Amino acid sequence: MFLRKMSNTEIGLYPLSYKRGRVMPDKIKAMFFFGTRPEAIKMAPIIKKIEEGNSGIEPRVVVTAQHRQMLDQVLDTFDIEVDYDLNIMRSNQSLSDITERAVQGFEKVIREEDPHMILVQGDTTTAFVGGLVANYHKIPVGHVEAGLRSFDKFNPFPEEINRKLISVLTDIHFVPTSVSKENLLREGVPSDHIFITGNTVIDALFRTVKMDFDVEESFPFIDFHKRIILVTAHRRENLGPNMRQIFEALGQISREYKDVEIVFPVHLNPRIGDLAGEILGDLPNVHLLKPLDYLSFVKIMEKSYFILTDSGGIQEEAPSLGKPVLVLRKVTERPEAVKAGTVKVIGTKKEDIIREMKNLLENEEDYMRMSHSINPYGDGRASERIISILRYCFQKDSERPRDFIAPGLEVIG
Ligand code: UD1
Ligand code: UDP
């Protein structure tokens, strides 16, 4: 039976009824399956934590390389060794391309390794494929960053659907906050399959922010005496007309405010770079950069005045650094920081973006209100909790690990 109701006194997740023949492993072979930049950033702290300690977990790292260069940047930064690299990325790949190549590649790896557990992260097509192929082999799935919902099928697209599909395939749901737990409970996921851990991105952020790095020396062409507006944009639903409006708004702000530097590490999707070059390429206070390695990006976030983005992960990181975020989307699946006041969803219309940017540049009261540091997404210990939960589910420990409780967010029973 799949997703069966399980009490805390019952024998964890293993051996699952459909793997009855297997004996309890001495070491849990946990396969980490990911492929894009954000998945790597959010998986890295768990893998590093396992490597550092004596957890009884034997990690296997499998990457689709849905992102090639942007994934490799993260693997280098965190010094992660890969066991299998499916190398699927193609320029301008379609969702079906990614799915097809990742399914075929992962199938072979699973047959060879037969892991005890497969861990996927977030809402990418790679993560969905991980859950799907694991299920074809009746291998339990752990979903890191489970339970996020925007409640809008096409925003973000295809991530909202991926998340829901992954939840159906998942056995252990590692949710970042009580809000995400509530979403899953509403969909009928049994409470004892859900563990509130905080988001591992905060672990990655805390590890990185304390590293020594001279950002001004590394980016001598950026004038850090001016106010830095950090920008990222990549969502599929924003490609085309929305992206044009975003870039035109940036152009207007850069022309009107000479005391501002716009720093924009451009995602490698050619549809973004081409348009950014066309609209923003000649503006002296707009810096179109290649994607930054995580350390550089975090250090520039720290130096920024505010952030304009359609990214998911940045909505989680920026509040911890006390940086206001204007979100270039219709909706967000991350309501916690919106509620706390540091994140504002502004859509993608040119006039709305200009108005909101000007407000933050001119209205000090509003700026101060949005720039306090809060940590609704984690305390830097999510990876530790996930490891303890795996040990608990595989009967290495008998006590159910405690949930992460975010400051200011109510606990759900
Ligand atoms: C993917 C995820 C999205 C996640 C985002 C993080 C899906 C459907 N989308 O979207 O959820 O938020 O990653 O950034 O899973 N490219 C390169 N080199 C790279 C990376 C990308 O050249 O290192 C180019 C390629 O031409 C590729 C294109 O970007 O075809 C788009 O990449 P893709 O992974 O399909 O979509 P993202 O928008 O990056
Ligand atoms: N990031 C990075 N370099 C960059 C831009 C972003 O390392 O040039 C990091 C950022 O700190 C965050 C993650 O990448 O942790 C977000 O990735 P992205 O926006 O691509 O994906 P999303 O979070 O929207 O899925």
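Every read-out reported here was derived from the displayed coordinates using simple, explicitly stated rules and does not represent laboratory data. Model, not experiment: these values are computed from the prediction. A quick note on method: Cβ atoms are made from the backbone with ideal geometry, for glycine too, and the neighbour counts reach across all protein chains shown.
Can you give the local net charge around Gln121? Use residues other than it whose beta-carbon is closer than 10 angstrom to its beta-carbon, Lys and Arg +1, Asp and Glu -1.
Taking every Cβ under 10 Å from that of Gln121, the sum is -2.
Under 1.5 on a/c is rounded, so check that first for the chain, then, if it is not, pick prolate when a/b is larger than b/c and oblate when it is not; a ≥ b ≥ c are the square roots of the alpha carbon gyration tensor eigenvalues.
In terms of gyration-tensor shape, prolate.
In debye to the nearest 20, how big a dipole does the stretch 91-236 give about its Cα centre with +1 on each Lys and Arg Cβ and -1 on each Asp and Glu Cβ?
Charge dipole, the stretch 91-236, about its Cα centre: 440 debye, nearest 20.
Rounded to the nearest 20 debye, what is the charge dipole size of the stretch 203-322 about its Cα centre when +1 sits on each Lys and Arg Cβ and -1 on each Asp and Glu Cβ?
Using Cβ point charges on Lys, Arg, Asp and Glu, the stretch 203-322 gives about 220 debye.
I need Leu280, Leu390, Leu185 ordered by Cβ neighbour count within 10 Å, fewest first.
Leu185, Leu280, Leu390
Go through 303-311, 121-129, 253-261 and give me the packing order, highest mean Cβ count within 10 Å leading.
Packing proxy ranking, top to bottom: 121-129, 303-311, 253-261.
Roughly how far apart, in whole Å, are the Cα centres of the stretch 49-128 and the stretch 244-291?
Between the Cα centres of the stretch 49-128 and the stretch 244-291 lies a distance of 32 Å.
Subtracting the Cα-Cα distance from 0.36 nm times the residue separation, let me have the gained length for Asp366 to Lys164 in nm, one decimal.
Residue separation times 0.36 nm, minus the Cα-Cα distance, leaves 69.2 nm.
Using packing as a proxy for protection, rank 138-146, 78-86, 33-41 so that the peptide with the highest average count of other Cβ atoms within 10 Å comes first.
Packing proxy ranking, top to bottom: 33-41, 138-146, 78-86.
Give the calculated FRET efficiency between Tyr136 and Lys349 to the nearest 0.05, with a Förster radius of 51 Å applied to their Cβ-Cβ distance.
0.75
Pick from Gly130, Gly147, Gly380 the residue whose mean-square fluctuation is largest in a GNM of the chain, springs joining Cα atoms under 10 Å.
Gly380
Using Cβ contacts closer than 10 Å as the measure, can you line up Glu351, Glu316 from fewest to most?
The order, fewest Cβ neighbours first, is Glu351, Glu316.
Run the helix sum for the chain: -39,500 (n - 2.57) per DSSP H stretch of 4+ residues, divided by residue count, reported at 222 nm to the nearest 500 deg cm²/dmol.
My calculation for the chain gives -12500 deg cm²/dmol from helical runs alone.
Order these by the 10 Å Cβ neighbour count, fewest first: Met357, Met368, Met31.
Met368, Met357, Met31
With unit charges on the beta carbons (Lys and Arg positive, Asp and Glu negative) and the dipole taken about the Cα centre of the chain, which residue among His234, Pro335, Pro38 sits farthest to the positive side?
Most positive-ward Cα: Pro335.
How many angstrom lie between the C-alpha centres of the stretch 352-374 and the stretch 151-177?
Value for the Cα centre distance between the two parts: 31 Å.
Given charges of +1 on the Cβ of Lys and Arg and -1 on the Cβ of Asp and Glu, with all other atoms neutral, how large is the dipole of the stretch 155-263 about its Cα centre, in debye to the nearest 20?
340
Would you mind classifying the stretch 278-375 by shape? Square roots of the alpha carbon gyration tensor eigenvalues, ordered a ≥ b ≥ c; an a/c under 1.5 is rounded, otherwise it is prolate if a/b is larger than b/c and oblate if not.
rounded
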